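K.L.:
Structure in structure tokens, see below.
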Amino acid sequence: MVGYAVCMDHPLFDLIDQRIRDAQASGEFDNLAGAGKPLPNVDDPENELINRLIQDSNAVPEFVSLSRELRRLRDELAATGDRARRLDIMKNMSMMEVRINMARKAHR
């Protein structure tokens, strides 16, 4: 039986163990990509799966996407001469900076 760090009693564990044993017996785990190679060194092992999924999907933290939007607003501000539009953009920029700071804090 496959070992668990904590002894748990759940009806699915027997089914999961059986499926793993069946897969081992039929050779489904033989010749897997990366077999025999060391595991990659990771800075944050607890969140490695989440980090890898984010990276594989080309996702970025919220503060990065907000910073890109702030950069776009700055470019728009520089390009417009309309006073009312400039005021509106500056308001949006102020709010964006607050959101960026909040997102950075949440990301830590």
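K.L.:
Would you calculate, for the chain, the mean residue ellipticity at 222 nm contributed by helices, counting each DSSP H stretch of 4 or more residues as -39,500 (n - 2.57) and dividing by all residues, to the nearest 500?
P.N.:
Numbers: 4 runs with 67 residues, N = 108.
Here the helix-only value at 222 nm equals -20500 deg cm²/dmol.
K.L.:
Continuing with the same structure: I need to check one value: relative contact order of the chain, counting alpha carbon pairs closer than 8 Å and at least 6 residues apart, in percent. Before the final figure, lay out the partial values.
P.N.:
On the way: 33 pairs, mean separation 23.7, N = 108.
That works out to 22 percent.
K.L.:
Per the 1.4 Å probe, what fraction of the accessible area of the chain, in percent, lies on carbon and sulfur atoms?
P.N.:
The C+S portion of the solvent-accessible surface of the chain is 54 percent.
K.L.:
Another question, then. Could you provide, to the nearest whole Å², the per residue accessible area of the chain with probe 1.4 Å?
P.N.:
On a per-residue basis, 86 Å².
K.L.:
Also, I was wondering about something else. Using +1 on the beta carbon of Lys and Arg, -1 on that of Asp and Glu, and nothing else charged, what's the dipole of region 52-108 about the Cα centre, debye to 20? The partial results should precede the final answer.
P.N.:
Values: 13 positive and 8 negative charges, 40 e Å.
In debye, rounded to 20, region 52-108 gives about 200.
K.L.:
Students often get this wrong, so try it: which of [x] 19.2; [y] 15.4; [z] 14.0 is Kirkwood radius over Cα pairs in Å as calculated from the structure shown?
P.N.:
Step by step, Kirkwood radius over Cα pairs in Å for this structure corresponds to label [x].
K.L.:
Hey, another quick one. Mind putting a number on the dipole of the chain about its Cα centre? Charges go on the C-beta only, +1 for Lys and Arg and -1 for Asp and Glu, and I need it in Debye to the nearest 20.
P.N.:
For the chain, the charge dipole is close to 1040 debye.
K.L.:
Here is a further query. Among all helices in the chain defined by DSSP H, which have a length of 20 Å or more along the axis from Cα atoms plus a Kyte-Doolittle mean of at least -0.5?
P.N.:
Helix filter hits for the chain: 11-25, 62-79.
The values are calculated or read from the model by the stated rules, or taken from the named source; none is laboratory data. As the structure is a computational prediction, the values presented were derived from the model and not from experiment. With ideal geometry, Cβ positions are generated from the backbone for all residues, glycine too; neighbour counts draw on all protein chains shown. In case anyone asks, the SASA skips ligands and DNA or RNA and just uses the protein heavy atoms, side chains included. Shrake-Rupley method; radii C 1.70, N 1.55, O 1.52, S 1.80 Å.
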